[in-house]
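Single-structure report; data block below.
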C-alpha cells in the first residue's frame, strides 16, 4: 500500500474529515457511488482526504488527481478567490484539480466520468 506523505490526513483534521464523510452533499454521495470501491476502472479514490490543511472531496493517489464538487456558494467572489488559491497551491505541489458544479454531476455524469478517465490516461467510454 502506498504510504501518504506526512502532509496528508493530518491528525488535527481527523474528526472533521470523518464528519464530512458522514455528511456528504447529495452530489458527493451520488458521485461516490461511481467512484467508491474502485468502481471506476479500478481506480482507488478516497473521499474527504486532507492535504496540508485542505480537505478535498475526492482524491486518487495513483494519479495525484483531486476532484472538487462546487455548490452554490462557490460562485461568490470571496469563495472563488479561496478556490483559486487552493487550486494554485495544490497545482504547485503536483496535483491536478478537476472542479465540477454539483448540478453538472447530476445532469452530465457520463461526461464527468469520462473526464476523470481522460485525466488518468484511461480510454473514455462511449456515451449513449
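Rule-based calculations on the coordinates, nothing more; no lab input. Source: prediction; values computed, not measured. Reconstructed Cβ throughout: ideal geometry from the backbone, glycine too, with neighbour counts over all protein chains shown.
Starting from the Cα gyration tensor of the chain, multiply each eigenvalue by 5, take the square root, and state the resulting semi-axes largest first in whole Å.
22, 18, 15
Could you tell me the largest-minus-smallest coordinate of the C-alpha atoms of the stretch 39-109 on each of the three principal axes, in descending order and whole angstroms?
Projected onto the principal axes, the Cα atoms of the stretch 39-109 cover 37, 31, 16 Å.
Taking a virtual spin label 7 Å from the Cα of residue 93 along the C-beta vector, which residues in the stretch 15-33 bring their backbone nitrogen under 16 Å of it?
Those under the cut-off are 17.
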